[in-house]
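Structure first, commentary second.
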Amino acid sequence: MDGVIEPPSNSKTIKISPSTSTDSSTTTPVITTPPQSTATVTTVATPTTATTTTNTTTTTPPPSTIVKGKIKKTKKPIKKPTIVKRPTTPIDYKQWHTEWPIHVYSHPINGRYLVATKDLEEQTVILRDLPYTWAVDHASCDSVCQHCFLEVPLNQQVLPTDFYMCEGCQRVGYCSASCKCIDYSQHRFECQIFKELDTEEYSPFLMSEIKLLVRTLSRKWLEDSITQTAGIDINDETIKKQNTYNQYKNPQSLIPQDNGLRYNDYAELVSNVENYNESLKESLSYWICKYVVKLSAKIGKIEDEFDLLNILLRNRCNAFYIQGRPRDGSPGESRGCGVYVRNSFFNHSCDPNVNYWVVNNTLEVECTLLKNVKEGDELTISYIDTTSPLNKRREKLLEGYLFNCLCTKCVADESLPLDQTGIKESDDDDNDGKEKMDEDDDEDDDINNKNDKKSKYKSDGNSGEENSDDSN
């Protein structure tokens, strides 16, 4: 999704999420929805070649204290607030995919990936998933339901009951009282942050990025609240071994769109924090993470700046576009994005064998086969528009996902004449590209004018390595 912080001129740039851009040259292809569905989901980003690293070395930060929501440095160390620790046991992936004909494997370089456990025919459903975290783009928050993504255009909002904006923050809306009620258990946390956000200071693109971050935090805070209310000791070994994956779509859950996974499961997805350039990370930390840490402290939630940076980058690496659902059943446009933990295990191929469909006007997606596969075949999706020429595909994947694609289609295309690989571009293509770059520059003028410490929400994702697949 079109970016929002500008790096130095010698840096590479990549597109990030969330965004409202619908330019076919810069967004991933729209996944066609079956006749019975009215929404579609397209891939924004998926895990890349780098693996997540855990900060195992404890360093003592500068002593600080919180005074009326502000961080105030002191000369003497003080006791920091106790942060509730969550179980850190590895995810038993056998629990959530036993009903599907797939298996999760791990590669030392390419990370986790999915394979078929038996011969399967085209159109076979191999997986369903709900988002762990999601958010409507800020530009659409007054017309797209936060809970179900139903679109209610402003010209159709005649009565107060046609669309329900949150009275507390005015940053989130709902298509019905029912959706508002269901989402309240989670929104009550983020609402306290949203109403403090300075919409004049941040562009709609940055606001969307911040809202997805805060939405992720609110999910974590809701899980903690449920655990504490139930009086559960999360350090208890029995609780650590509890199988939460049978709770997928549990109708009694207090968690909206509950996919049965918890924050630990989400946190195991890669963020590639070590592979992004330092200027981008400094910008994110300075303009977003510090800001959200400060706002969180005002409501008694103690968060770590580096943890928030990981969440920001993790959402970028693993998010999928979510399209709105027009009431008339027509195709919708991108209205936000979400992180589907299970779906993030699919690696990329320019000749994929898996596609996504939205299930019956919900946020749930199901993965179906585009072709027959054999037992042991890897199951792949496409992260980009595969109709683009070779050099464009590789450029987009390298800049946006940190790997050089060596799939069968890319290798085969290497033998094509130069003009068919895209190396020789027509004047029209050059002009189109220049116009799009100019549009991006205009969109981010408000960011560039802040000060030199802020770079565009596009990053140099150089990892120093080129791999044919991504890491999950």
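The values are calculated or read from the model by the stated rules, or taken from the named source; none is laboratory data. Here the structure is a predicted model, which is why all the values come from computation and not from measurement. Virtual Cβ from ideal backbone geometry, glycine too; neighbours counted across all protein chains shown. The area values use the complete protein model at the heavy-atom level, side chains included, leaving out ligands, DNA and RNA. Shrake-Rupley method; radii C 1.70, N 1.55, O 1.52, S 1.80 Å.
Brief remarks follow.
Listed here are the residues, each with its yes/no results for (1) modelled with pLDDT of 95 or more; (2) not polar (S, T, N, Q).
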| residue | (1), (2) |
| --- | --- |
| Thr244 | no, no |
| Gln247 | no, no |
| Asn259 | no, no |
| Glu278 | no, yes |
| Val293 | yes, yes |
| Glu303 | yes, yes |
| Arg316 | no, yes |
| Gly332 | no, yes |
| Val354 | yes, yes |
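- Residue check: Phe189 meets all listed conditions (1) open to solvent by 20 Å² or more (accessible area, probe 1.4 Å); (2) modelled with pLDDT of 95 or more but one, namely (1).
- Residue in the stretch 300-320 that is assigned to a strand (DSSP E or B) and open to solvent by less than 10 Å² (accessible area, probe 1.4 Å) present: yes
- Residue ID - nearest to Ile193 (Cα to Cα), chosen from residues in the stretch 275-299 that are in contact with a Ser or Thr (Cβ under 9 Å, 6 or more places away or on another chain) and open to solvent by 30 Å² or more (accessible area, probe 1.4 Å): Glu282
- The set of residues from the stretch 117-163 being charged (D, E, K, R) and surrounded by fewer than 18 Cβ atoms within 10 Å (Cβ to Cβ) comprises Lys118, Asp119, Glu121, Glu122, Asp142, Asp162.
- Qualifying positions in the stretch 368-416 - under 27 Å from Glu122 (Cβ atoms), under 21 Å from the mean Cα position of the chain (by Cα) and small (Gly, Ala, Ser): Ser382
- Restricting attention to the stretch 192-242 and to residues that are acidic (Asp, Glu) and outside any helix (DSSP H, G or I), the residue that is modelled with the highest pLDDT turns out to be Glu196.
- Selection status of Leu269, open to solvent by less than 10 Å² (accessible area, probe 1.4 Å), part of a loop (DSSP other than H, G, I, E, B) and in contact with a Cys (Cβ under 8 Å, 6 or more places away or on another chain): yes
- All positions within the stretch 141-186 that are over 21 Å from Leu197 (Cα atoms) and assigned to a strand (DSSP E or B): Leu150, Glu151
- Against the list (1) open to solvent by 10 Å² or more (accessible area, probe 1.4 Å); (2) in a strand (DSSP E or B), the condition Gly336 fails is (1).
- The residues in the stretch 355-379 that are surrounded by 21 or more Cβ atoms within 10 Å (Cβ to Cβ) and within 20 Å of Asn110 (Cβ to Cβ) can be counted, and the count is 3.
- Qualifying residue in the stretch 100-112 (condition: basic (Lys, Arg), surrounded by 13 or more Cβ atoms within 10 Å (Cβ to Cβ), at pLDDT below 90 and assigned to a strand (DSSP E or B)): yes
A quick yes/no check of all residues on (1) in contact (Cβ under 8 Å) with a residue 24 or more places away in the chain; (2) of a type in the set (Asp, Glu); (3) in contact with a helix residue (DSSP H, G or I) (Cβ under 7 Å, 6 or more places away or on another chain):
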position: Leu254; (1), (2), (3): yes, no, yes
position: Trp287; (1), (2), (3): yes, no, no
position: Ala297; (1), (2), (3): yes, no, no
position: Gly300; (1), (2), (3): no, no, no
position: Arg325; (1), (2), (3): yes, no, no
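- Taking the criterion of being touching a Pro at 6+ places or on another chain (Cβ under 6 Å) and charged (D, E, K, R), the only residue of the stretch 377-399 that qualifies is Asp385.
- Residue within the stretch 358-369 that is more than 28 Å from Val144 (Cβ to Cβ), without any contact (Cβ under 8 Å) to a residue 60 or more places away in the chain and not in a loop (DSSP other than H, G, I, E, B) present: no
- Of Arg128, Arg188, Arg171, all but one fail to be touching a residue at least 60 places away in the same chain (Cβ under 8 Å) and within 26 Å of Tyr266 (Cα to Cα); the exception is Arg128.
- Screening the candidates Ile288, Ile322 for the property of being out of contact with any strand residue (DSSP E or B) (no Cβ under 7 Å at 6 or more places or on another chain) and hydrophobic (A, V, I, L, M, F, W, C) yields one hit, Ile288.
- Residue, least open to solvent (accessible area, probe 1.4 Å), within the stretch 198-212, restricted to residues that are over 13 Å from Leu284 (Cβ atoms) and of a type in the set (D, E, K, R): Lys211
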